[in-house]
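Visitor: Quick one: the structure is below, and I'll ask about it shortly.
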Amino acid sequence: MDIIAGPASQLLAGRVKEAIEVTEVTEVLESNLLISEFKKFPDGELYTRVVDDIGPEVTIIQSTVTDTDLIALLQLIDACSDASRVNVVIPYMGYARQDKKFKPGEPISARAIARTIKADNVYTINIHDTSILDYFDAKTVDLDATPMIGKYIKNMKFINPLIIAPDDGAIHIAKSASSELGIDYDYLEKTRLSGETVSIQPKNVNVKGRDVIIIDDIISTGGTVAETISLLRKQGAHEVYAACVHPVLSNNAILKLFKAGVKGIIATDTIDKGVSVVSVAPVIASAMALTKRF
Ligand code: R5P
(Lines give C-alpha, C1' and ligand atoms only; values in the text may rest on other atoms or scores of the structure.)
Protein backbone atom coordinates (compact mmCIF):
# COMPACT_ATOMS: atom_id res chain seq x y z
CA MET A 1 0.00 0.00 0.00
CA ASP A 2 1.28 3.44 -0.93
CA ILE A 3 0.81 6.14 1.68
CA ILE A 4 0.46 9.66 0.35
CA ALA A 5 0.58 12.50 2.85
CA GLY A 6 -1.17 15.77 2.25
CA PRO A 7 0.56 18.95 3.45
CA ALA A 8 -1.40 19.00 6.73
CA SER A 9 -0.58 15.42 7.73
CA GLN A 10 3.06 14.79 6.81
CA LEU A 11 4.21 13.87 10.33
CA LEU A 12 1.17 11.73 11.01
CA ALA A 13 1.61 9.83 7.72
CA GLY A 14 5.23 9.13 8.66
CA ARG A 15 4.05 7.84 12.02
CA VAL A 16 1.43 5.63 10.36
CA LYS A 17 4.17 4.02 8.27
CA GLU A 18 6.19 3.52 11.47
CA ALA A 19 3.17 2.10 13.31
CA ILE A 20 2.66 -0.38 10.49
CA GLU A 21 6.30 -1.45 10.79
CA VAL A 22 6.43 -1.92 14.54
CA THR A 23 3.15 -3.74 15.09
CA GLU A 24 1.61 -6.99 14.00
CA VAL A 25 0.03 -4.96 11.20
CA THR A 26 3.21 -5.61 9.17
CA GLU A 27 2.12 -9.22 8.67
CA VAL A 28 -0.81 -8.15 6.52
CA LEU A 29 0.39 -4.84 5.20
CA GLU A 30 3.46 -3.60 3.40
CA SER A 31 3.59 0.13 2.92
CA ASN A 32 5.63 2.78 1.10
CA LEU A 33 5.65 6.48 1.74
CA LEU A 34 5.31 8.43 -1.50
CA ILE A 35 6.78 11.89 -1.80
CA SER A 36 4.57 14.69 -3.10
CA GLU A 37 5.19 18.34 -3.71
CA PHE A 38 2.93 21.25 -2.99
CA LYS A 39 3.50 24.81 -4.09
CA LYS A 40 1.55 27.93 -4.90
CA PHE A 41 1.19 29.48 -8.36
CA PRO A 42 1.69 33.24 -8.51
CA ASP A 43 -2.09 33.74 -8.43
CA GLY A 44 -2.37 31.73 -5.18
CA GLU A 45 -3.69 28.49 -6.70
CA LEU A 46 -2.22 25.28 -5.32
CA TYR A 47 0.02 23.03 -7.41
CA THR A 48 0.21 19.43 -6.22
CA ARG A 49 2.16 16.52 -7.65
CA VAL A 50 2.84 13.03 -6.37
CA VAL A 51 6.46 12.68 -7.38
CA ASP A 52 6.89 8.92 -6.77
CA ASP A 53 5.08 6.30 -8.86
CA ILE A 54 1.56 5.61 -7.63
CA GLY A 55 0.72 1.93 -7.19
CA PRO A 56 -2.65 0.19 -7.38
CA GLU A 57 -3.50 0.58 -3.71
CA VAL A 58 -3.24 3.98 -2.10
CA THR A 59 -4.00 5.60 1.24
CA ILE A 60 -4.11 9.38 1.27
CA ILE A 61 -3.83 11.00 4.70
CA GLN A 62 -4.81 14.63 4.93
CA SER A 63 -6.59 16.68 7.58
CA THR A 64 -8.64 19.52 6.16
CA VAL A 65 -7.88 22.26 8.64
CA THR A 66 -7.86 25.04 6.04
CA ASP A 67 -9.63 25.48 2.72
CA THR A 68 -6.30 24.95 0.94
CA ASP A 69 -5.94 21.62 2.75
CA LEU A 70 -9.22 20.53 1.21
CA ILE A 71 -8.03 21.52 -2.27
CA ALA A 72 -4.82 19.54 -1.70
CA LEU A 73 -6.87 16.50 -0.71
CA LEU A 74 -9.08 16.76 -3.80
CA GLN A 75 -6.00 17.12 -6.01
CA LEU A 76 -4.34 14.08 -4.42
CA ILE A 77 -7.47 12.00 -4.91
CA ASP A 78 -7.58 13.04 -8.54
CA ALA A 79 -3.88 12.27 -8.98
CA CYS A 80 -4.67 8.71 -7.85
CA SER A 81 -7.46 8.20 -10.40
CA ASP A 82 -5.67 5.23 -11.97
CA ALA A 83 -5.26 3.35 -8.68
CA SER A 84 -7.62 0.43 -8.18
CA ARG A 85 -8.27 1.19 -4.52
CA VAL A 86 -8.11 4.60 -2.89
CA ASN A 87 -8.48 4.99 0.88
CA VAL A 88 -8.79 8.50 2.22
CA VAL A 89 -8.02 9.24 5.85
CA ILE A 90 -9.26 12.63 7.05
CA PRO A 91 -7.97 12.76 10.63
CA TYR A 92 -9.58 16.14 11.26
CA MET A 93 -12.39 17.20 8.97
CA GLY A 94 -12.98 20.92 8.82
CA TYR A 95 -16.54 22.23 8.50
CA ALA A 96 -17.87 19.17 10.36
CA ARG A 97 -19.49 21.41 12.98
CA GLN A 98 -21.85 22.82 10.34
CA ASP A 99 -23.59 19.45 10.18
CA LYS A 100 -27.08 20.91 9.96
CA LYS A 101 -28.85 24.08 8.92
CA PHE A 102 -28.92 26.26 12.02
CA LYS A 103 -30.63 29.14 10.16
CA PRO A 104 -32.65 29.19 6.96
CA GLY A 105 -30.49 29.66 3.91
CA GLU A 106 -27.41 28.02 5.38
CA PRO A 107 -25.67 25.10 3.70
CA ILE A 108 -24.93 21.85 5.46
CA SER A 109 -21.24 22.49 4.93
CA ALA A 110 -20.18 19.05 6.16
CA ARG A 111 -22.39 17.51 3.47
CA ALA A 112 -21.04 19.85 0.79
CA ILE A 113 -17.48 18.83 1.66
CA ALA A 114 -18.23 15.11 1.99
CA ARG A 115 -19.86 15.05 -1.44
CA THR A 116 -16.63 16.21 -3.07
CA ILE A 117 -14.61 13.27 -1.70
CA LYS A 118 -14.69 10.29 -4.04
CA ALA A 119 -12.88 7.22 -2.73
CA ASP A 120 -13.35 3.54 -1.97
CA ASN A 121 -12.98 3.97 1.79
CA VAL A 122 -13.05 7.10 3.91
CA TYR A 123 -11.77 7.10 7.48
CA THR A 124 -12.38 9.94 9.89
CA ILE A 125 -11.33 10.20 13.52
CA ASN A 126 -13.89 11.20 16.15
CA ILE A 127 -15.79 13.18 13.55
CA HIS A 128 -17.97 15.85 15.13
CA ASP A 129 -21.13 13.90 14.34
CA THR A 130 -21.19 10.45 12.78
CA SER A 131 -24.33 11.34 10.79
CA ILE A 132 -21.90 13.18 8.44
CA LEU A 133 -20.53 9.82 7.30
CA ASP A 134 -23.74 9.18 5.36
CA TYR A 135 -22.91 12.07 3.05
CA PHE A 136 -19.77 10.42 1.63
CA ASP A 137 -19.95 8.41 -1.56
CA ALA A 138 -17.69 5.72 -0.07
CA LYS A 139 -17.53 3.10 2.64
CA THR A 140 -16.86 5.01 5.84
CA VAL A 141 -15.44 4.31 9.27
CA ASP A 142 -15.09 6.79 12.11
CA LEU A 143 -12.10 5.74 14.22
CA ASP A 144 -11.96 6.40 17.95
CA ALA A 145 -8.76 8.01 19.26
CA THR A 146 -10.02 8.63 22.78
CA PRO A 147 -8.65 5.36 24.21
CA MET A 148 -5.20 6.62 23.11
CA ILE A 149 -5.78 9.77 25.16
CA GLY A 150 -6.85 7.52 28.05
CA LYS A 151 -3.61 5.53 27.76
CA TYR A 152 -1.57 8.73 27.85
CA ILE A 153 -3.42 10.02 30.89
CA LYS A 154 -2.85 6.69 32.62
CA ASN A 155 0.88 7.46 32.83
CA MET A 156 0.34 10.82 34.51
CA LYS A 157 0.13 11.33 38.25
CA PHE A 158 -3.18 12.68 39.47
CA ILE A 159 -5.00 13.14 42.75
CA ASN A 160 -8.27 11.21 42.65
CA PRO A 161 -8.76 12.00 38.94
CA LEU A 162 -12.05 12.55 37.17
CA ILE A 163 -12.72 12.95 33.45
CA ILE A 164 -15.39 15.45 32.60
CA ALA A 165 -17.13 16.41 29.36
CA PRO A 166 -18.16 20.06 29.06
CA ASP A 167 -21.66 18.97 27.94
CA ASP A 168 -23.70 15.84 27.41
CA GLY A 169 -22.79 15.89 23.68
CA ALA A 170 -19.21 14.92 24.62
CA ILE A 171 -20.13 12.34 27.28
CA HIS A 172 -19.30 9.42 24.95
CA ILE A 173 -15.76 10.81 24.59
CA ALA A 174 -15.33 11.08 28.36
CA LYS A 175 -16.66 7.55 28.76
CA SER A 176 -14.36 6.09 26.11
CA ALA A 177 -11.23 7.85 27.46
CA SER A 178 -11.99 6.80 31.03
CA SER A 179 -12.54 3.15 30.09
CA GLU A 180 -8.74 2.77 29.68
CA LEU A 181 -8.22 4.12 33.18
CA GLY A 182 -11.03 2.69 35.20
CA ILE A 183 -11.74 6.13 36.67
CA ASP A 184 -14.91 8.18 37.07
CA TYR A 185 -16.33 10.26 34.27
CA ASP A 186 -19.10 12.80 34.25
CA TYR A 187 -20.44 15.74 32.27
CA LEU A 188 -21.51 19.25 33.08
CA GLU A 189 -25.21 19.84 33.22
CA LYS A 190 -26.78 23.23 32.69
CA THR A 191 -29.93 23.78 34.74
CA ARG A 192 -32.00 26.93 34.30
CA LEU A 193 -32.86 28.21 37.77
CA SER A 194 -34.81 31.26 36.59
CA GLY A 195 -35.15 33.46 33.52
CA GLU A 196 -31.76 35.02 34.28
CA THR A 197 -29.76 32.39 36.14
CA VAL A 198 -28.40 29.01 35.17
CA SER A 199 -26.38 26.65 37.30
CA ILE A 200 -23.69 24.54 35.65
CA GLN A 201 -22.65 21.54 37.74
CA PRO A 202 -21.11 18.14 37.19
CA LYS A 203 -24.14 15.87 36.81
CA ASN A 204 -23.19 13.29 39.43
CA VAL A 205 -19.78 13.92 40.99
CA ASN A 206 -18.31 16.44 43.43
CA VAL A 207 -15.00 17.80 42.04
CA LYS A 208 -13.70 19.26 45.33
CA GLY A 209 -10.05 18.36 45.87
CA ARG A 210 -9.89 16.21 42.74
CA ASP A 211 -7.77 16.54 39.63
CA VAL A 212 -10.07 16.97 36.66
CA ILE A 213 -9.38 16.32 32.99
CA ILE A 214 -11.88 18.10 30.76
CA ILE A 215 -12.25 16.29 27.44
CA ASP A 216 -13.94 17.44 24.25
CA ASP A 217 -13.72 16.44 20.59
CA ILE A 218 -12.45 19.85 19.46
CA ILE A 219 -10.90 22.83 21.20
CA SER A 220 -11.25 25.69 18.75
CA THR A 221 -11.44 29.17 20.28
CA GLY A 222 -10.99 27.61 23.70
CA GLY A 223 -14.14 29.36 24.94
CA THR A 224 -15.99 26.20 25.99
CA VAL A 225 -13.07 24.68 27.86
CA ALA A 226 -11.88 27.98 29.41
CA GLU A 227 -15.34 28.53 30.87
CA THR A 228 -15.38 24.95 32.15
CA ILE A 229 -11.95 25.34 33.76
CA SER A 230 -13.00 28.50 35.62
CA LEU A 231 -16.17 26.84 36.81
CA LEU A 232 -14.45 23.69 38.06
CA ARG A 233 -11.81 25.70 39.87
CA LYS A 234 -14.54 27.74 41.58
CA GLN A 235 -16.09 24.45 42.64
CA GLY A 236 -12.86 23.42 44.34
CA ALA A 237 -11.19 21.17 41.76
CA HIS A 238 -7.47 20.68 42.49
CA GLU A 239 -5.64 20.78 39.11
CA VAL A 240 -7.58 21.05 35.86
CA TYR A 241 -6.25 19.68 32.56
CA ALA A 242 -7.75 20.09 29.09
CA ALA A 243 -7.77 17.24 26.59
CA CYS A 244 -9.17 16.95 23.10
CA VAL A 245 -8.87 14.89 19.96
CA HIS A 246 -8.61 17.83 17.55
CA PRO A 247 -6.49 20.80 18.70
CA VAL A 248 -7.78 23.45 16.30
CA LEU A 249 -6.66 26.08 18.85
CA SER A 250 -7.44 29.11 16.76
CA ASN A 251 -6.12 32.58 17.62
CA ASN A 252 -5.41 32.97 21.33
CA ALA A 253 -7.07 29.73 22.50
CA ILE A 254 -4.01 28.41 24.33
CA LEU A 255 -3.56 31.63 26.27
CA LYS A 256 -7.25 31.64 27.16
CA LEU A 257 -6.89 28.18 28.67
CA PHE A 258 -3.84 29.18 30.70
CA LYS A 259 -5.54 32.38 31.84
CA ALA A 260 -8.43 30.25 33.04
CA GLY A 261 -5.95 28.18 35.07
CA VAL A 262 -5.32 25.05 33.01
CA LYS A 263 -2.48 22.90 34.31
CA GLY A 264 -1.75 21.22 30.97
CA ILE A 265 -3.19 20.54 27.52
CA ILE A 266 -3.28 17.06 25.98
CA ALA A 267 -4.24 16.54 22.34
CA THR A 268 -3.69 14.19 19.44
CA ASP A 269 -1.83 14.72 16.18
CA THR A 270 -4.91 14.80 13.93
CA ILE A 271 -3.74 18.42 13.76
CA ASP A 272 -0.04 18.86 14.37
CA LYS A 273 0.37 21.34 17.23
CA GLY A 274 2.76 21.73 20.14
CA VAL A 275 0.21 20.03 22.41
CA SER A 276 -0.20 17.01 20.10
CA VAL A 277 1.37 14.54 22.53
CA VAL A 278 -0.82 11.56 21.61
CA SER A 279 -0.46 9.99 18.17
CA VAL A 280 -3.43 8.51 16.37
CA ALA A 281 -1.08 6.65 14.00
CA PRO A 282 -1.62 3.20 15.59
CA VAL A 283 -5.39 3.62 15.23
CA ILE A 284 -5.03 4.44 11.52
CA ALA A 285 -2.50 1.63 10.97
CA SER A 286 -4.87 -0.96 12.49
CA ALA A 287 -7.73 0.31 10.36
CA MET A 288 -5.56 0.02 7.24
CA ALA A 289 -4.72 -3.57 8.12
CA LEU A 290 -8.40 -4.40 8.51
CA THR A 291 -9.17 -2.92 5.08
CA LYS A 292 -6.46 -5.10 3.63
CA ARG A 293 -7.83 -8.25 5.30
CA PHE A 294 -11.41 -7.82 4.10
C1 R5P B 1 -18.97 21.76 19.88
O2 R5P B 1 -19.97 21.21 19.54
C3 R5P B 1 -17.67 21.03 20.01
O4 R5P B 1 -17.84 19.75 20.53
C5 R5P B 1 -16.71 21.81 20.87
O6 R5P B 1 -17.25 21.89 22.18
C7 R5P B 1 -16.51 23.17 20.32
O8 R5P B 1 -16.18 23.11 18.97
C9 R5P B 1 -15.44 23.91 21.08
O10 R5P B 1 -15.31 25.16 20.50
P11 R5P B 1 -14.60 26.35 21.24
O12 R5P B 1 -13.24 25.85 21.63
O13 R5P B 1 -14.55 27.43 20.20
O14 R5P B 1 -15.44 26.72 22.41
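The values are calculated or read from the model by the stated rules, or taken from the named source; none is laboratory data. Note that this is a predicted model, so its numbers are computed, not measured. With ideal geometry, Cβ positions are generated from the backbone for all residues, glycine too; neighbour counts draw on all protein chains shown. With ligands, DNA and RNA removed, areas are computed over all heavy atoms of the protein, side chains included. Shrake-Rupley method; radii C 1.70, N 1.55, O 1.52, S 1.80 Å.
Visitor: Tally up the carbon and sulfur contribution to the accessible surface of segment 147-269 as a whole percent, 1.4 Å probe, everything protein left in place.
Guide: The computed percentage sits at 49.
Visitor: Keeping all protein chains in the complex and leaving out DNA, RNA and ligands, what accessible area do you get for residue 135 with a 1.4 Å probe, in Å² to the nearest 10?
Guide: Counting only protein heavy atoms, the figure is 70 Å².
Visitor: Here is a follow-up. If one computes the Cα centroid of segment 223-276 and of segment 149-219, what distance in Å separates the two points?
Guide: 13 Å
Visitor: Please compute the length gained on full extension between residue 175 and residue 250, using 0.36 nm multiplied by the number of residues separating them and subtracting their Cα-Cα distance.
Guide: Going from the current span to full extension adds 24.4 nm.
Visitor: Sticking with this structure for a sec: Leaving out ligands and nucleic acids, and using a 1.4 Å probe, what accessible area per residue does segment 147-269 come to in Å²?
Guide: For segment 147-269, the per-residue accessible area is 47 Å².
Visitor: Checking the a/c ratio against 1.5 first, then a/b against b/c, what shape does the Cα gyration tensor give for segment 201-294?
Guide: prolate
Visitor: Just how large is the dipole of segment 147-269 about the Cα centre, in debye to the nearest 20, putting +1 at every Lys and Arg Cβ and -1 at every Asp and Glu Cβ?
Guide: Approximately 380 debye in magnitude.
Visitor: How many percent of DSSP beta bridges within segment 70-172 run antiparallel, rounded to 5?
Guide: Here the antiparallel bridges make up roughly 0 percent for segment 70-172.
Visitor: What fraction of the DSSP beta bridges in the chain is antiparallel, stated in percent and rounded to the nearest 5?
Guide: So the antiparallel bridges in the chain amount to around 20 percent.
Visitor: OK, next. List the lysines whose Cα sits under 18 Å from the Cα of residue 151, skipping any in the same chain fewer than 8 residues away.
Guide: 175
Visitor: Say the dipole of the chain comes from +1 at the beta carbon of Lys and Arg and -1 at that of Asp and Glu; which of 170, 235, 51 then lies farthest toward its positive end?
Guide: 235
Visitor: I would also like to ask the following. What are the principal axis extents of the Cα atoms in segment 23-131, in Å, biggest first?
Guide: 49, 42, 23
Visitor: Let me ask something else. Looking only at segment 212-240, which residues have a backbone nitrogen under 18 Å from a spot 7 Å from the Cα of residue 191 in the C-beta direction?
Guide: 231-232, 235-236
Visitor: While we're on this one: Using Stokes-Einstein with the Kirkwood hydrodynamic radius over Cα pairs, what translational diffusion coefficient do you get for segment 147-269 at 10 °C and a viscosity of 1.306 mPa s, in µm²/s rounded to a whole number?
Guide: Stokes-Einstein gives a translational diffusion coefficient of 112 µm²/s.
Visitor: Can you tell me, using C-alpha contacts under 8 Å and at least 6 residues apart, the relative contact order of segment 147-269 as a whole percent?
Guide: Worked out over segment 147-269, it gives 24 percent.
Visitor: Strictly over 25 Å apart at the Cα level, which of 154/190; 40/273; 39/101 would you flag in this model?
Guide: Distance filter (> 25 Å) returns 154/190; 39/101.
Visitor: Order the following by accessible area, largest value first: 137, 184, 211. Probe radius 1.4 Å; ligands, DNA and RNA are ignored.
Guide: The most accessible residue leads, giving 137, 184, 211.
Visitor: Compute the distance in nm between two label points, each set 7 Å from the Cα along the Cα-to-Cβ direction, one at residue 134 and one at residue 78.
Guide: 3.0 nm
Visitor: Stokes-Einstein diffusion coefficient for the chain at 20 °C in a medium of 1.002 mPa s, Rh from the Kirkwood formula over Cα pairs: what value in µm²/s?
Guide: Roughly 106 µm²/s, to the nearest whole number.
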